Every structure is written in structure tokens, then in C-alpha cells.
Amino acid sequence: MPDCQFWKAIAGLLPGPPKAFEQIMKDDQREFMALLARPPARLTVEQVAWMLNCAAHDIPVLVAEHLLKPLGDPQPNGAKLFATCEVLELAADRAWLNRATHAIQQYWQGKNRLRKLSLGYGATYESYNRRVARHVPRKATAA
């Protein structure tokens, strides 16, 4: 279990954002980031996405890849909450950030490849998502 002393995790790791980043940040994001001096104990999917500088729709990809664990045992269609201390520690770990970025890129690369190819043979987006989530390779079709 990660050490939950968020003061250690954020000490010196969150310098002031550059001007270009400030311009694209929304007001509510800026207000949320200002709370990092004393963040809430639990974070929503959107708040985790802000902290990791990714989109909210990328968080379920990280959960499916077991790179991010929600608190409790939420239902698949239920709201997911995450421990702030754990997210801060993961955000400070370069190796984890590399794995998370790779997982997100692989997911969207597969989705885009599927969109470009003909589905055929009864394949659907849902069946493709199940294959990706289970890491089961797609069977080769005879030509």
C-alpha cells in the first residue's frame, strides 16, 4: 500500500504552471489545483484526470489496465472515487507515468485502427473492447 503522506508526494513536484498551460486551463481546474495545499481525501474521475493531465475518458482505460485502482468495490456503472494520496504518488512515479501513457496510447490506437478497418464477420466495437480489456489476441482469418 502506498505511503499516504501527500506532503511528501507534492513537495517540490508541482511547480507553477507555464503560461501556455495557464491559458488553456479552465477556471474550475485552476480552482481545484489551488486546493492541492490541502486536497480532499477522495477524488472523482474528472479530478484525477486533471491531476494526471489527461482526459476524463482516459481514466477508465487506466482502471481496466489495473494501473489505477478505485476505492472500495464500485459497480461497473457506478461512480469511481480514488485516494488522493495514491494518485499523487503515482503522478510522481516516472515509470508509472510511462506505463499509463503507453496504455492510453495503445487503447486509442486500437480504437482508431478499428474505425479505419472494415468490421466484417460480426465484429463490433464492444467485442473489440472486450478483447482489448482481456488482452486476448485477435484470431487471424484465413485469406
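Some points to look at:
- Against the test of being in contact with a Pro (Cβ under 9 Å, 6 or more places away or on another chain), among the β-branched types (Val, Ile, Thr) and modelled with pLDDT under 85, the options ILE24, ILE10 yield a single qualifying residue, ILE10.
- Taking the criterion of being within 16 Å of GLN29 (Cα to Cα), part of a loop (DSSP other than H, G, I, E, B) and either over 14 Å from the mean Cα position of the chain (by Cα) or not aliphatic (A, V, I, L, M) (or both), the residues of the range 40-57 that qualify are PRO40, THR44, ASN53, CYS54.
- Filtered residue count, the range 58-104, keeping only those that are assigned to a helix (DSSP H, G or I) and surrounded by 12 or more Cβ atoms within 10 Å (Cβ to Cβ): 23
The values are calculated or read from the model by the stated rules, or taken from the named source; none is laboratory data. These figures come from a predicted structure and were not determined experimentally. FYI the Cβ positions are ideal-geometry reconstructions off the backbone, even for glycines, and counts take in every protein chain you see.
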